[in-house]
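Down below is the structure, laid out as structure tokens.
The values are calculated or read from the model by the stated rules, or taken from the named source; none is laboratory data. Just so it is clear, the model here is predicted, and its values are computed rather than measured. Methodologically, a virtual Cβ is constructed for each residue, glycine included, from the backbone with ideal geometry; neighbour enumeration extends over all protein chains shown. Side chains are part of the model used for accessible areas, which takes the heavy atoms of the whole protein and leaves out ligands, DNA and RNA. Shrake-Rupley method; radii C 1.70, N 1.55, O 1.52, S 1.80 Å.
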Amino acid sequence: MIEVKNLTKQFGPKVAVDNLSLSVRKGEVLGFLGPNGAGKSTTMRMITGFLPPTSGGVTVGGDDMLEAPNLAKARIGYLPESAPLYLDMTVEGFLGFTAELRGKSGSEKKAAVDRAIETCFLQKVRRQAIDTLSKGYRHRTCLAQAIIHDPEVLILDEPTDGLDPNQKDVVRNLIREMGKTKAIIFSTHILEEVEACCSRAIIIDQGRIVADGTPQDLRRRASRAGAVHVVATGLSGGAIEKELGGLRHAARVEGSALAESFSGIVWPKPNTGAGVLAAEIYQLAGAKNLVLSELHEDQGRLDDMFRELTSGNKS
Amino acid sequence: MRNVWIVFKRELISYFTTPLAYVLIIIFCFLSLSLCLFFGGFIERGDASLSSFFYFHPWIYMIFGPAIGMRLWSEEHRMGTTELLLTMPISPWEAILGKFLAAFTVLAVTLLSTIGMVFTVLSLGEPDVGVIFSGYLGSFLVGASSIAITCAVSALTRNQITCLLVSVTICLVLTLIGFPPISDLLRSSSFLGIKLGFLADICNGVSLFWHSTEMARGLMRIQSLIYFISLIGFCLFLTSVIIRSKRA
Ligand SMILES: Nc1ncnc2c1ncn2[C@@H]1O[C@H](COP(=O)(O)OP(=O)(O)OP(=O)(O)O)[C@@H](O)[C@H]1O
Ligand SMILES: [Mg+2]
């Protein structure tokens, strides 16, 4: 559905997006991650045809954004980052206006507006002027605008920003639901959100893709993934640490040794599973009368991986 | 064309849901009538003509046009809605045209509300209806030109005050260069032995003031029409260039 090829955007000497390529199929929800200023919004602005790329191209459903912009744009629903709205209109008036621009009129327009209002839970405020709405309602009004024509492609820039926990959940469910039949790209700074609704995630840093895969894949790339967490008492912390380091399957031990206890992480040797190491630790505990209050495998955490991939180059 | 209509409708409604349009209409009527009555010698002259009424219009439009037009794109840039509007399946010129026509309509409503002047002179005597029509057309075109100039300036900035000041300055220059004292000054002076009379003619040719006073006298030249229409067209074209290059 969405094909992005070698997309580059320069603002003066600054390269905001650097030779970025990706593609999203129907039925895929792509989470777009990256630190502030990584180029997420800039990429989305180019995909939606707001910013012309410095080089590279975008096609949406086979239509080139530069050559047939109106065809390509008609397939896209877009929620910009700041959720801009015409403040002097009512919710209903605004949605009616966008429905008309999307080519609907008469009863079709009315049905589209009603459906969007219902989907985004705006019934209470439908006749209210937008400048009197709270931030969350404004955000939802702009989201309603993005789905008003039931587009094949959705580009959502931080769709849950400013929503309360209940509404965040509603929007995540909505994204997951719509993801079955649409191609969706959404950006977020909330990593759980990625695990909750994406089938794929991309991390970009300084305009380049640094990781691409399913959320599970990405989690496993965290350096701690597969290590074993241990909290034990029974000997002095230093002694426990030494014992652990001496295990046959242990490669490295890291943690804090207190007078009476040890708490830390043990990495298995290459080609050794965390399970084998954990079993060995369990045996050790039996032999040395240690009390294990914690012993489990690290599943890898998305935010660890995120930090490791994107914090190295603070230039 | 459908998209132009949709944008036009939204823009026009927004003029009249905020007090802006009403305030502007009232100020225009007040200024144009009071200037004409107190400084134009409308009553002392005693003849049934509107030339003293139209004489002040270019001066009023210097501020009135920018005041109508300053929100067209500035407001859109400030609220960030440019990003919404330009990612809709419409072309930028449809948005530009729709917005310009909405401001244009506010101008038309304003001028229509001074129609009382026409009935006044009709009751005073037998005015030349052709001259009145030509005066109104000239006034309308000057107004439309200043709106088009403001439209281009407003595409440049998100700050309405900046837009207002810059547009007023441009309109002021375009008005002043055709103002008779300035033309006379040019005609009577020379630079390095070259007579500057030709400059006065050029200045008149590009001046809003000169074209509108000629039309207020009933001289509807085809050159004047071409001047106004190409000025408006150029400004709208400039707007689309600015909007495109601002995103690049
Ligand atoms: N119009 C512009 N002119 C100049 N530089 C810009 C412009 N827009 C964005 N940038 C720069 O491009 C880079 C990428 O910005 P972008 O908004 O895409 O980041 P982002 O990933 O969306 O960040 P955030 O998480 O904060 O939303 C930033 O360094 C930003 O300063
Ligand atoms: Mg952003």
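Worth a mention:
- The dipole here belongs to the range B:2-247: it is taken about the Cα centre, uses +1 on the Cβ of Lys and Arg and -1 on the Cβ of Asp and Glu, and is about 740 debye.
- When the Gaussian network model of chain B links Cα atoms closer than 10 Å, the mean-square fluctuations of B:LEU208, B:LEU111, B:LEU124 top out at B:LEU124.
- Residues of type lysines that A:LYS269 reaches as a straight line, Cα spacing below 29 Å, ignoring anything fewer than 8 places off in the same chain: A:LYS242, A:LYS288
- In chain B, the DSSP-assigned H stretches of four residues or longer account for a calculated mean residue ellipticity at 222 nm of -25500 deg cm²/dmol, using -39500 (n - 2.57) per stretch and the full residue count as denominator.
- Put a plus charge on the Cβ of each Lys and Arg, a minus charge on the Cβ of each Asp and Glu, and nothing anywhere else: the dipole of the range A:162-315 about its Cα centre is then about 460 debye.
- Basic side chains Lys and Arg get +1 at the Cβ, acidic Asp and Glu get -1 at the Cβ, and with that the dipole of the range B:60-202 about its Cα centre reaches some 320 debye.
- Among A:VAL113, A:LEU101, A:ALA287 - extreme Cα towards positive end, dipole of chain A, charges at beta-carbon: A:LEU101
- Between A and B, roughly 2500 Å² of accessible area is buried in total, ligands, DNA and RNA not counted and the probe set to 1.4 Å.
- GNM on chain A, alpha-carbon springs under 10 angstrom: the most fluctuating residue among A:ALA183, A:ALA112, A:ALA250 is A:ALA250.
- Out-of-range pairs (alpha-carbon distance over 21 Å; input A:LYS135/B:LYS9; A:LYS9/A:LYS182; A:LYS109/B:LYS9): A:LYS135/B:LYS9; A:LYS9/A:LYS182
- Of the DSSP H helices in chain B, those whose Cα atoms cover at least 27 Å axially and whose Kyte score averages 0.0 or more: B:92-112, B:129-156, B:222-247
- Of all aspartates and glutamates in the structure, the ones whose alpha carbon falls short of 16 Å from that of A:LYS110, not counting any fewer than 8 places away in one chain, are A:GLU92, A:GLU100, A:GLU118, A:ASP150.
- Share of carbon and sulfur in the accessible heavy-atom surface of the protein assembly as shown [1.4 Å probe, %]: 61
- Within chain A, antiparallel bridges make up roughly 70 percent of the DSSP beta bridges whose residues both belong there.
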